[in-house]
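Below is one structure, written out as structure tokens; comments come after it.
The values are calculated or read from the model by the stated rules, or taken from the named source; none is laboratory data. In this text, all values refer to a predicted model and were calculated from it rather than measured experimentally. Neighbour counts are summed over all protein chains in view; Cβ atoms, including those assigned to glycine, are modelled from backbone coordinates with ideal geometry.
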Amino acid sequence: MMKKTIGKPSAACTATALMTSVLLVPTMAANASAARSQTQPSAVSIGESKAKEIALQHAGVNASQVPWIIVQQDYEHGLLEYDVKFFAGSTEYDCEIGAVTGAIVDWDADWDYPSLFAGMLPPFSPA
């Protein structure tokens, strides 16, 4: 049987790999920035208040039923979106809305079980 010998990578290979990764990272960041600006060159955003209105209407919730609401702007897949999170009754809602189109991109509603049983459970006291 013959033994296969695998040598260590040479210093030149390691240096080339390091230089390549250093050069690629800024290029990838520049490409992502360029793609973002090409996707929505001069589009006008619907605004935070309209995003709140769309999310509340989709949930079938009145603004007076919402103790708190958070709206954040974010880029998702190169598109500007509003992430709207709020709580109504015993449900927490999370809605992603296209900032230019006003279309609902993603929607999630989760029950908050502890608030349902808040009056039934004894108070917690650490031992």
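Pairs please, first residue from the stretch 71-91 and under 23 Å from ASP112 (Cβ atoms), second anywhere and among the basic types (Lys, Arg) and not in a loop (DSSP other than H, G, I, E, B), Cβ atoms under 9 Å, 6+ apart in sequence or on different chains.
The qualifying pairs are VAL71/LYS52; VAL71/LYS85; GLN72/LYS85; TYR82/LYS50; TYR82/LYS52; VAL84/LYS52; PHE86/LYS52.
Inspect all residues belonging to the stretch 31-39 and state whether any of them is under 15 Å from GLU96 (Cβ atoms), modelled with pLDDT under 95 and surrounded by 14 or more Cβ atoms within 10 Å (Cβ to Cβ). Steps first, answer last, please.
Taking the stretch 31-39 and keeping what is under 15 Å from GLU96 (Cβ atoms), we get none.
The answer is no, given that none of the residues of the stretch 31-39 is under 15 Å from GLU96 (Cβ atoms), modelled with pLDDT under 95 and surrounded by 14 or more Cβ atoms within 10 Å (Cβ to Cβ).
Residue by residue, here is whether (1) over 22 Å from the mean Cα position of the chain (by Cα); (2) surrounded by 12 or more Cβ atoms within 10 Å (Cβ to Cβ); (3) modelled with pLDDT of 95 or more; (4) hydroxyl-bearing (Ser, Thr, Tyr) holds:
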| position | (1), (2), (3), (4) |
| --- | --- |
| VAL61 | yes, yes, no, no |
| GLN65 | yes, yes, no, no |
| LEU79 | no, yes, no, no |
| ASP83 | no, yes, yes, no |
| ILE97 | no, yes, yes, no |
| GLY102 | no, yes, yes, no |
| PRO114 | yes, no, no, no |
| LEU121 | yes, no, no, no |
| ALA127 | yes, no, no, no |
